[in-house]
Amino acid sequence: MAIHPPSNRLWWKEPIHGIELAWIVIAFLWGLFMFFFMIAWHFIGQQNLSNETYKIKPEVYAERVEAFAAEFQAVADDGTPLEEDGVPVVRPPVGGDAYILARLWEFWPILELKKGESYRIHLSSADWQHGFSLQPTNINISVHPGYEHIITLTPTESGSFGIVCNEFCGIGHHTMTGRIRIVD
Amino acid sequence: MTTIDQGALNGTRAGTSWRACRFSGLRIESSAEALIKVNAVAAVLFLALGGLMGLMVALTRWPAVQLLPAEWFYLVLTGHGANVLLFWIIFFEIAVLYFASAVILGSRLAAPKIAWFAFLLMVVGAVMANYAVLRGDSTVMFTSYPPMMASQWFYLSLIIFAVGALIAVFVFFATLVVAKNERTYDGSVPLVTFGAITAGIIAVFTLASGAIILIPTWLWSLGLITNIDTLMYKVVWWGMGHSSQQINVSAHVSIWYAIGAMVVGAKPLSEKVSRMAFFMYILFLQLASAHHILAEPGMSSSWKIVNTSYMMYLAVMGSMIHGLTVPGAIEAAQRRNGFTRGAFEWLTKAPWGNPAFAGMFLSLVMFGFIGGISGVVLGTEQLNVLMHNTIYVPGHFHGTVVAGTTLAFMAMTYLVVPLIFQRDILWPGLAKWQPFVFGIGAGGISLFMMGAGTLGVARRHWDMSLTDAAHAYEFPAAAYLMMGLNGISAIMAAVGGVMFIVIVVGSILAGPRLDQPGAKLTFPLHDKSREAVSEYGSHATLKLPGTLILVGIFFACFILYYFVNWKYLSELWLFN
């Protein structure tokens, strides 16, 4: 029994039963497949999280986001700056850099992107760790203070998308949201 | 039994007192017995506290109930994690380690005074952690990610607890040395002890990682260090946080084998294969820290792929092997016991009325199907982006730690009470139902949280309706339904948990005493008629059709679920 020493003292010399051996081989091959499939997806897939990251002081990052928002502030036809829920709407240039600042307790500003176009999205935090959870698409990325993470993102559908913070960041955590607008 | 009787001749030493168990034939030394008792009792008390906190968390996350205010919710959630994931589990594991060394090997416990000191440190740490959390200034979640800072007492309490646990693990190792030197057993250690050694080795790595990261973090909370790097913290902290769950896996797989042996007389199909599977854990399970870094900036894809897959899934292979050999050993034993009709008579006629067996088998099935499969999917580099930090993650680890480990530990307790506490189980009729009530509740919690996470619901979040948020976002109605069903499942699991605690505490305090001569055991500890008599190890005649069907179903589910998630991923926005 499993609670007694092996009855055969030379247990390591016993042959392995065919059923067990077959299952070991299957499990091993399945593991190899899953391992190489992750590598393969970097070549055949279009959803791979970028590793482009820079160290940055949180206050420097916050200043960059402010400058970015001021430069590309979207304006209405009558010339007034566009806002939603009191947060500026920003239209970054197609193919260009776009910044999102995570801070207690909002994702700032609101980006307006074009469907089918690529943008270099910069993500970092001004204070604590936050979680960038884009809904309902369900893309979830961690956001650290001091690390600027750059992701090349191409939206494939249009509409208004929510960002919900999914890393605990204090008592206001459940009020921390943001928005991305995708236009055709 | 002969080996243990031989040990009795050599193993006696002045200053130790012994008794022989009338039911199992095991020789039990008094200090080992006392330490197993206190560690098991402490474990159950922290399970009660942590379980109550868990129920409050689940009822708060049920949108129609939302029991606690936000501040209390985050506080209670922090306490829930520490009490069940650390204190319940590790106190019980220390009891398991002492059982698997001193009791199973028929040895005395090495250095009982040091073992008592370790226990004392663990109690001080656990009580201090609860004090720090309940004070209200350490609501940082169990993971305490910087730069959010808890009070110094929070970090200090975890360090004290970890040091105590580390000392206890070394008492376990020392006991193995004593048993070997005093020749209390013959040949190689039993498989259950081998599994416990695996758990012990992983525990050393885990507790060392905890010390490496928590000591500087404590100094930081005292103002002696100015900065803790957030990414470095996560990598090292999860060397404790995830690897400690691998202690659980090793411990509960050992318990599966032990219960199979004690209840139906199961022997490992092949000692070599089962031990190799444990060895895979020792070599590769520690890489799992990466499971929590897949959605982080700053680590390379090659680092992520190698680590998250436990080096080409070799540790997953270990678990898949146990997934065949544990039910296979039970089927083989049951067939020897005469249940040979069809593919499944061995299973349908298994001792389901014995909560030790029922809990063990439910734990095995749910750990594999719910916790295991979801864990591999969640730990795949690219797929992680679909569920990172959603409530899918707690769904996964309630499948492993609650439906898997906790249920297995509960099952083991039904054997520990008669064997170590020498008390018969009170209310065996109630005990019979307990694993099913708790197990179905725990399985429901896991599945419904995974379902809600697939729909994007965040973990550790007080208000999924986002009422006070600047920008409204409405989760689908199905997500609300899932969180409601999660609340109902949590109530069911809590009922099962209360049943467990009432039965165990009642039996320990007031169960019929079994230490008097002639006392009769009514609880079905081990049905003698089920005793497996023959040898089987590598029998050519061995047929395990039922196990093969179960394993086939498991593998089909695994492949299907794996590719369904790749399909979901391929439909996301493009990013690289």
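Results, tabulated for the structure shown:
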quantity	calculated
Matching strands (runs of 3 or more DSSP E) fully within region A:83-166 where at least 1 residues are open to solvent by 20 Å² or more (accessible area, probe 1.4 Å) and among the β-branched types (Val, Ile, Thr)	A:147-154
Considering residues of region A:95-121 that are within 21 Å of residue A:168 (Cα to Cα) and of a type outside the set (A, V, I, L, M) only, the residue nearest to the chain's Cα centre (by Cα)	A:107
Odd one out for residue A:60 among (1) under 30 Å from residue A:108 (Cβ atoms); (2) assigned to a helix (DSSP H, G or I); (3) at the interface with another protein chain (Cβ under 7 Å from one of its Cβ atoms)	(3)
Single residue of region B:290-304 satisfying the filter (open to solvent by 10 Å² or more (accessible area, probe 1.4 Å) and in contact (Cβ under 8 Å) with a residue 12 or more places away in the chain) that is nearest to residue B:344 (Cα to Cα)	B:291
Test: residue B:446 is in contact with a His (Cβ under 7 Å, 6 or more places away or on another chain) and either away from chain A (no Cβ under 14 Å) or open to solvent by less than 40 Å² (accessible area, probe 1.4 Å) (or both)	yes
Among the residues listed as B:319, B:300, B:274, B:309, the single one being of a type outside the set (Val, Ile, Thr) and under 18 Å from the mean Cα position of the chain (by Cα)	B:319
Subset of region B:31-42 that is out of contact with any Pro (no Cβ under 9 Å at 6 or more places or on another chain) and under 14 Å from residue B:422 (Cβ atoms) - its residue that is surrounded by the most Cβ atoms within 10 Å (Cβ to Cβ)	B:40
Residue A:41 over 20 Å from the mean Cα position of the chain (by Cα), facing chain B (nearest Cβ under 8 Å) and modelled with pLDDT of 95 or more	no
Pairs, first open to solvent by 50 Å² or more (accessible area, probe 1.4 Å) in region A:2-30, second at pLDDT below 85, C-beta under 6 Å, six or more apart	A:15/B:538
Of residues in region B:187-201 being over 18 Å from residue B:322 (Cα atoms) and under 19 Å from the mean Cα position of the chain (by Cα), the one surrounded by the most Cβ atoms within 10 Å (Cβ to Cβ)	B:200
Selected residue [closer than 18 Å to residue B:88 by Cβ and either outside any helix (DSSP H, G or I) or open to solvent by 10 Å² or more (accessible area, probe 1.4 Å) (or both)] from B:143, B:206, B:139, B:184	B:143
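Yes/no per residue for (1) more than 22 Å from residue B:568 (Cβ to Cβ); (2) within 11 Å of chain A (Cβ to nearest Cβ); (3) not acidic (Asp, Glu):
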site: B:316; (1), (2), (3): no, yes, yes
site: B:351; (1), (2), (3): yes, no, yes
site: B:355; (1), (2), (3): yes, no, yes
site: B:375; (1), (2), (3): no, no, yes
site: B:393; (1), (2), (3): no, yes, yes
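The values are calculated or read from the model by the stated rules, or taken from the named source; none is laboratory data. As the structure is a computational prediction, the values presented were derived from the model and not from experiment. Using ideal geometry, Cβ is built from the backbone for each residue, glycine included, and neighbour counts are taken over all protein chains shown. All accessible areas refer to the heavy atoms of the entire protein, side chains included, with ligands and DNA or RNA removed. Shrake-Rupley method; radii C 1.70, N 1.55, O 1.52, S 1.80 Å.
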